[in-house]
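Asker: I am attaching a structure below and will ask some questions about it afterwards.
The values are calculated or read from the model by the stated rules, or taken from the named source; none is laboratory data. Remember, predicted model here, so these are calculated numbers, not experimental data. As a convention, Cβ positions derive from the backbone with ideal geometry for all residues, glycine included, and neighbour counts pool all protein chains shown. In case anyone asks, the SASA skips ligands and DNA or RNA and just uses the protein heavy atoms, side chains included. Shrake-Rupley method; radii C 1.70, N 1.55, O 1.52, S 1.80 Å.
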Amino acid sequence: MTGSPKRSGLVSMALHGGAIVLVLLVTGRNSPLIPKLHETWITPRDIISDVITPHRMTGGGGGGQSSPTPATFGKLPPANVRQFTPPMVVILNEDPKLPMPPTLAIDPAAVLPQIDAPNYGAPHGAEGPPSGGPGTGGGVGKGNHGGVGDRRGPGLGNDGDDGGVSGDSSIRGVTTQPALVWKTEPVYSDEARKAKLQGVVVLQIEVDARGQARNIRVIQSLGLGLDDRAMEAVRMWKFRPATRNGKPVASPAQVQVTFRLL
């Protein structure tokens, strides 16, 4: 005797459902996961440059060499926590018993203006024969106590005394570094992806006054098409150009593009 059609349908559905659950359990244990898609990763620190930005903080200083003429234009010595030797425009002792490099008493973390000059002097100094200025106590300017400026102390600038740095971006010769504003990620070449090649491409570029990368050349190569892909991407990057005396100028820099397969 056979069962009713309704009962037979329910049994059939139950058997089929159980079979599907069993198949899913078995295949779920043994099947590999869906392969993860390859991704391209670029290091956040993409731009490397030796051009730096003036640092501002309260303080200042001054000095001079009792000269009848104004202090002349020149570069600045490094910053240091303590000053043992002030900068001297006119060297009075060519053979000191204990030579010490000149410094300014400024936090070493401060970034000083980088001035293109062969001699020490004042950022706002005059053109002419070397002169430390009418100040006293070593240093440069109209102040005293071994700094650079018209105040008192071993620091830089005219906004305060006793060390530190003060100033503005109108100082002659001061430049600010180019900065990366926007970027697009490069695309892996087929050859590099198949070879699972990873690494860093370093490019020498010139950031022009409009913030575009020009004159791109490879400094550190990866090969397998990644050098070209890195250059293609960097050509589309947007930079804030370097400035000199507040005006945009072309500036050399290096950028690095890191390729990593995840």
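Asker: Name the shape class, rounded, prolate or oblate, that the alpha-carbon gyration tensor gives for the stretch 67-163, where a ≥ b ≥ c are the square roots of its eigenvalues, rounded holds for a/c under 1.5, and otherwise prolate holds if a/b is larger than b/c and oblate otherwise. Walk me through the numbers on the way to the answer.
Answerer: Details: a/c = 1.32, a/b = 1.10, b/c = 1.20.
Taking the square roots of the gyration eigenvalues as a ≥ b ≥ c, the stretch 67-163 is rounded.
Asker: If you roll a 1.4 Å probe over the heavy atoms of the protein chains, what accessible area per residue do you get for the stretch 174-227, in Å²? Write out the running numbers ahead of the final one.
Answerer: Values: 2910 Å² over 54 residues.
Dividing the accessible area of the stretch 174-227 by its residue count gives 54 Å².
Asker: List the chymotrypsin sites (Phe, Trp or Tyr not before Pro) in the stretch 66-135 that DSSP assigns to loop (not H, G, I, E or B) and whose Cβ has at most 13 other Cβ atoms within 10 Å. Which are they?
Answerer: Working: sites: Phe73, Phe84, Tyr120; in loops: Phe84.
Those that pass, being in a loop and sparsely packed, are Phe84.
Asker: At q = 0.20, 0.32, 0.33 Å⁻¹, what log₁₀ I(q)/I(0) does the stretch 219-262 have when each alpha carbon counts as one equal point scatterer in the Debye sum?
Answerer: -0.76, -1.25, -1.27
Asker: Okay, moving on. Quick one: 3J(HN,Hα) in Hz for the stretch 77-92, Karplus 6.51/-1.76/1.60 with θ = phi - 60°, rounded, Gly and Pro as x.
Answerer: Here the 3J(HN,Hα) series is x, x, 8, 8, 5, 10, 10, 9, 9, x, x, 10, 6, 9, 6, 8 Hz.
Asker: Gain in length, Gln220 to Trp182, computed as 0.36 nm per residue apart minus the alpha-carbon separation, to one decimal in nm?
Answerer: Working: separation 38, 0.36 × 38 = 13.68 nm, distance 2.26 nm.
Taking Gln220 through Trp182 to full extension adds about 11.4 nm, to one decimal.
Asker: Quote the convex hull volume per residue of the stretch 114-262, based on C-alpha atoms, as a whole number of Å³. Walk me through the numbers before you get to the answer.
Answerer: On the way: hull volume 21.6 nm³, N = 149.
Hull volume normalised by residue count: 145 Å³.
Asker: Ordered by packing density, taken as the mean number of other Cβ atoms within 10 Å over each peptide's residues, highest first, how do 130-138, 188-196, 152-160 rank?
Answerer: Values: 130-138: 22.3, 188-196: 14.0, 152-160: 25.7.
So the peptides 130-138, 188-196, 152-160, ranked by packing, come out 152-160, 130-138, 188-196.
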